[in-house]
Amino acid sequence: MNLTKLPLKHQKIAAAITLGFGLCFLLMFLWEGIPGTPPLSLEGWLIVGSLLPTSLWLLLPWQLGKKDSFSAQVYAPATDGWGKALAGLQLIILSFHSFLLVEDSFVLPSLWAVLATVFLIGAMAARTWQRPTNVVIYLIGWGLEVLTIEVLGLIHLDGLSLTMVNIGLGLLTQLLGDWWLRRHPNQSIPHSINILPLFYGAVAIFCRWDIWGLWTGFSTLGLALIALGIGRRRSELKFLIYLGLSAVSLSAYEFLWVQIESFPAGDKCVAMATLGMGIMSAYRFLIPFLTKQLILTSQEVKRLAHFHWLGSSVILALATMYPVTFNNLLGLETGILLTSYAIFQGREKKIDPLKVMEQQAIEIKELWVYVGILEGLGVAVFASSQLQLDKILLPWSGAIATIIASGFYFLPWSNWGWSKKPWQGFALVGPFIAAIFTSSTINSISLGALTVCYVIFARNNQQIRLTYVSLFFLNWLILREWSLMSSLWLVTPPMLSLLYIAQVDPHLKQPQEKSPRHYLRLLATGTICLVALVTTNWLVTQSWSMLAIFAGLIGRVRAFLYVGTLILLVNIGNEFLLLSYQYPFSKWAMGLILGLLLIWIAASFETRQKQIITLLKNWIAEFEHWE
């Protein structure tokens with residue numbers, strides 16, 4: 001066909017059709033077979049499929065010999081197009097062959113398949129080596145994966161070997177990318193150079209998904225190295241650095257798990273917490289190296305160390321839920337180191353409290369101290385349980401807590417670089433929590449020590465409300481020691497405590513809180529006097545009522561006077577009724593005396609009416625100023 005008379009566009013189409021017919025003729029010829037030779041086998045067709053695009057691309061230099069020639073303008077694009085199409089089809093066929101090989105069905109390993117794959121990869125590389133594109137790099141990487149499967153099929157194909165070879169391919173392509181960057185520092189790297197090593201790493205992880213053993217940790221470590229090598233190339237890929245560092249930690253845990261898989265649960269947790277603590281320490285010591293080799297700041301490296309501290313602390317806390325058989329000392333050492341890390345994170349020598357950012361830093365460091373103290377408390381509990389000292393120490397927990405709290409409160413923490421707020425805060429709360437959690441076993445000496453401790457804290461801190469905690473422990477001590485006494489003994493200490501609160505509480509001292517203060521006094525005094533009236537004899541009741549009256553008169557408190565007077569009259573009336581019931585004659589004598597008294601009062605009121613009215617008005621006016 002004479003193509004020169006057609007337009008250029010039609011010339012290219014006609015040339016492609018012509019070349020296609022020629023390829024079809026060649027394939028039909030090979031299908032029929034060469035006379036005297038057997039037909040091509042499956043392996044033979046694989047070789048033919050790779051040689052066809054190779055042969056077409058070998059013709060390109062001859063066709064492109066002269067740029068303006070008819071062959072360069074018409075046949076060269078058709079030849080290149082058919083080469084690409086046949087290469088893509090051949091890659092799909094080889095991929096399907098390798099898939100069947102992995103699935104161990106229908107096909108067997110073949111050296112001819114390996115050669116076909118090598119020819120195809122070589123042809124694609126030779127075609128675009130001067131100007132590689134992302135698509136070609138992906139196809140070559142895909143071809144290398146197919147070649148890996150075919151070669152392993154001849155040697156030994158399983159998930160672990162495929163995993164390790166893919167990790168090797170990923171590291172190799174990552175190193176080639178680094179070499180390319182050093183050779184072309186001013187050129188932007190194709191994104192395929194970054195993605196292809198990660199593809200091999202992902203395939204490796206997929207291949208070992210259901211495999212667990214000593215060598216699987218190396219695959220995770222290899223993926224970590226790949227991610228780190230690519231992530232350090234550009235700041236936009238920093239997330240790969242975090243992924244790589246996470247994979248490094250994961251590989252370390254994999255190596256450890258293989259060794260401790262048969263351990264009891266508690267010992268497993270201790271071992272894993274110890275490993276996390278070691279990784280945490282490595283991050284802190286390797287800050288200069290990591291900031292230099294990776295695009296990370298020192299603060300980012302510290303955050304990674306903090307994350308491992310948190311993970312190790314949680315795992316060590318889980319260890320306390322299971323029996324630890326032989327890693328007791330290791331768990332204790334790990335807990336001490338984790339506690340020390342948290343506490344020393346809260347240490348700072350020079351902080352300006354006037355700066356906003358520095359104030360935020362102080363709050364963060366105080367939080368570290370709080371967490372460190374809590375973790376130290378957990379380690380102490382763990383140590384006592386492991387050493388079987390809990391039965392001995394629990395009754396004395398209050399006294400021990402007061403000693404530790406006193407040290408926390410009065411030591412010069414600010415001179416040593418710590419803020420004293422968390423230490424003093426724990427000193428105020430810690431003994432109370434210790435007493436509550438050991439309430440069933442705490443002894444009287446501990447309760448007394450707690451009472452004195454909070455009185456000292458209240459005096460030193462100028463916080464009167466801290467004495468309420470002392471009252472709580474004092475009441476606890478009294479009720480514990482005199483629990484078999486009368487009901488009046490059980491009621492009196494709590495009610496006296498309420499009277500103390502009504503007298504000294506800063507909020508109740510305010511003028512607008514006059515009514516709540518009055519009702520609180522009525523409640524406390526009335527409860528004591530009423531219990532005395534119901535459960536004791538008349539002399540004890542009379543004593544309490546007279547005490548309330550005198551307290552009201554001396555302290556000018558209406559609540560005391562009201563309750564004392566009411567209970568006094570009720571007590572007298574009650575005794576009068578009892579006396580009249582036992583001795584009928586006394587009823588007439590008392591009635592005569594009461595009548596004479598009333599007559600005397602009436603006569604005095606008539607003679608001194610004005611003076612008595614004036615006295616009552618003055619007394620009522622003064623009574624309004626009483627509490």
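Restricting the GluC sites (Glu not before Pro) of region 215-316 to loop positions (DSSP other than H, G, I, E, B) with no more than 15 neighbouring Cβ atoms within 10 Å leaves 261. Volume of the convex hull of region 123-180 (Cα atoms only), normalised per residue: 85 Å³.
Taking a virtual spin label 7 Å from the Cα of residue 128 along the C-beta vector, which residues in region 167-202 bring their backbone nitrogen under 12 Å of it? Under cut-off, by backbone N: 191-193.
Per residue, the convex hull spanned by the alpha carbons of region 92-197 comes to 97 Å³. Taking 1.002 mPa s as the viscosity and 20 °C as the temperature, the Stokes-Einstein diffusion coefficient of region 340-466 based on its alpha-carbon Kirkwood radius rounds to 136 µm²/s.
Which pairs break 32 Å Cα to Cα here: 365/514; 302/420; 268/302; 238/365; 238/420? Walk me through the intermediate numbers first.
Details: 365/514 43 Å; 302/420 24 Å; 268/302 26 Å; 238/365 28 Å; 238/420 39 Å.
Listed pairs above 32 Å: 365/514; 238/420.
Full extension of the chain between residue 293 and residue 209 gives 27.2 nm of extra length, using 0.36 nm per residue less the Cα-Cα distance. Per residue, region 267-346 exposes an accessible area of 49 Å² to a 1.4 Å probe, with every protein chain left in place. When a 1.4 Å probe is rolled over the protein heavy atoms, the share of accessible surface on region 368-488 that falls to carbon and sulfur comes to 69 percent.
Near residue 110, within a Cβ-to-Cβ distance under 9 Å, what is the net charge of the other residues, with Lys and Arg +1 and Asp and Glu -1? Write down the numbers at each step before the final one.
Details: positive: none; negative: 43, 150.
That works out to -2.
Principal axis extents of the Cα atoms in region 244-363, from largest to smallest and rounded to whole angstrom, are 54, 31, 17.
Give me Rg/Rg_expected for region 265-311, where Rg uses Cα atoms only and Rg_expected = 2.2 N^0.38 Å with N residues. Before the final figure, lay out the partial values.
On the way: Rg = 12.2 Å, N = 47, 2.2 N^0.38 = 9.5 Å.
So region 265-311 has a normalised radius of gyration of 1.29.
Computed over region 433-483, the percent of Cα pairs more than 14 Å apart is 50.
The slack between residue 392 and residue 172, meaning 0.36 nm per residue of separation minus the straight C-alpha distance, is 72.9 nm.
Note on residue 102 and residue 486: the model spin-label points, each 7 Å out from Cα along the C-beta direction, lie 9.1 nm apart. Applying the criteria of a DSSP loop state and at most 10 other Cβ atoms within 10 Å to the chymotrypsin sites (Phe, Trp or Tyr not before Pro) of region 123-170 yields 129.
In region 156-205, carbon and sulfur make up what percent of the accessible area (probe 1.4 Å)?
Details: 1760 of 2550 Å².
Looking at region 156-205 in its full context, I get 69 percent from C and S.
Accessible surface computed residue by residue for region 106-221, with neighbouring protein chains in place and a 1.4 Å probe, gives 56 Å² per residue.
The values are calculated or read from the model by the stated rules, or taken from the named source; none is laboratory data. In this text the structure is predicted, and so the values were computed from the model without any measurement. Virtual Cβ from ideal backbone geometry, glycine too; neighbours counted across all protein chains shown. To get the accessible areas, we keep the full protein, side chains included, count just its heavy atoms, and leave off ligands, DNA and RNA. Shrake-Rupley method; radii C 1.70, N 1.55, O 1.52, S 1.80 Å.
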